[in-house]
1. Please work out how much length the chain gains when fully extended from residue 101 to residue 42, using 0.36 nm per residue of separation minus the C-alpha to C-alpha distance, in nm with one decimal.
2. Kindly identify segment 12-113 as rounded, prolate or oblate by the Cα gyration tensor criterion: order the square roots of the eigenvalues as a ≥ b ≥ c, call it rounded if a/c is under 1.5, otherwise compare a/b with b/c, prolate if a/b is larger, else oblate.
3. What is the extension gain from residue 58 to residue 93, computed as 0.36 nm multiplied by their sequence separation minus the C-alpha to C-alpha distance, in nm to one decimal?
4. Find how much the distance from residue 49 to residue 32 grows on full extension, using 0.36 nm per residue of separation minus their present alpha carbon separation; answer in nm with one decimal.
């Protein structure tokens, strides 16, 4: 018997962050990140559905509105993939980075970084 249920579409979100407190500098520093994330999404045949953005936010703390919102949504099954330009956008502190990566994994999502080579095909 054929299964006629539609496959659940994969949800992909992006996370962007710039640390500078100067809004003009922060926006300039974030400008390249969407292009990197979109390029990886296209390469993997994924569609970015939303971007979470933190301007002027330190990567040494998890107290960021965009990050908090993303992690909240992930905990409720809000995405299958998270794309960020590089791991430093997620966190600058190694312990915090590992903790966030573990939370993303436990939420059932896969973290992808645009600056790290990905396996052939969909991850």
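1. In short, 19.0 nm is gained.
2. In terms of gyration-tensor shape, oblate.
3. 11.6 nm
4. Here the segment from residue 49 to residue 32 would lengthen by 4.3 nm.
We did not get these values from a lab; they are worked out from the coordinates using the rules stated. Quantities reported herein were computed from a predicted structural model and do not represent experimental measurements.
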